[in-house]
Each structure stands twice: as structure tokens, then as C-alpha cells.
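S.K.: Provided herewith is a single structure, encoded as C-alpha cells, for subsequent inquiry.
Please treat every number below as a calculation from the coordinates, not as lab data. The structure displayed is predicted, hence computed values, not measured ones. Neighbour counts are summed over all protein chains in view; Cβ atoms, including those assigned to glycine, are modelled from backbone coordinates with ideal geometry.
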Amino acid sequence: MEATIEASPGAVWEYLSQPKTFPQWYSGVESATVTGADDGRTRRGTVGHCTHGKQSFTLEIVDFSPLDYVTYQATIPVPMMGAMRMHFTYQLSQVPAGTRVVTAVSEIQLLGSRVQRALATGMSKLISGRMKRRMRSDFQDSLIGLRELVDREVASGSVAAGAQC
């Protein structure tokens, strides 16, 4: 999934690399608290605790290169089935129109006891197509939300289109 945002990588980076901003643009995220950020700055090990509807999950930054990419590890509890874990990366590149953001998502890893993983594996076979479509839609809607947020921030003067990190 990808989107082009009419702002510099520095302006876009500030939102992608700060889990506390996710409620402003990430589809369905209602709140976020952050631990492990030095002086409010993101680093490896920074963890966002997010709520998405009735669900809570964590996003940990496991790798990043400022202005280039940030990789999160998401751990999502699944009632009676343990949890699932996945990695997703936002890759930024400067293009004539601004910043191109590409999202790549790993396969889902099931966590929990052997029984929980077996139950989750059986259930995922039944709902995997629907779940993949929903996740893809959430990521795509989030990129649209990010583009709209940055556009509003640039238009209001809160963020300079050419801002650098």
C-alpha cells in the first residue's frame, strides 16, 4: 500500500515515527500512550499502547532510520486464542510531489499456548480472507488519514511542507 503526501519526508516522519500521533490519523485508533521515548523522541524500544474499538494492542519500534523507514512490531491479543504478532514498515522516499510512503506488512505470527495456537490456526483458516481484506483496508485508510492530516497541518501553518527532522 502506498500514498504520496505533498510535504517533505521530515514533515511526514514526525507522524509515522510517533505512536502518540496514531489517533490523529491511523484508522480506528482511539487513543495511544507511549513509553520508552527519550525526551519525547522515538527510539528502538519505544512502545505505543493503543486502543482500537474494544481492543488494546502494543506497537513497538523495532527498527528505524530517520526520514527513511520505521518498523513496528504489533502485538494484538485475541480472546481465548492468545495473541498475534506482525511487523509493518513505513518506507519514505522523496519524490517531486513530496513524500511517497509505502507500507509493507509481514505474515502474522500466532502466540500463546499450543491449544490457543491450534484454535487460532483453525479460526484463521475460516476468516483469513476477511481478516486480510480488513487489515489491508485499515492500512490504506490510515495512509489516506495521514495524507489528510499532513495536508491540514501544512495548510494551517502548523507544519511546514518542507520541514526537516
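S.K.: For SER56 paired with THR33, estimate the spin-label separation in nm (one decimal), with each label point 7 Å from Cα along the Cα-to-Cβ line.
M.R.: 0.7
S.K.: With the dipole of segment 21-98 worked out from charges on the C-beta (+1 for Lys and Arg, -1 for Asp and Glu) around the Cα centre, which of ILE76, SER27, ILE61 lies farthest toward the positive end?
M.R.: ILE76
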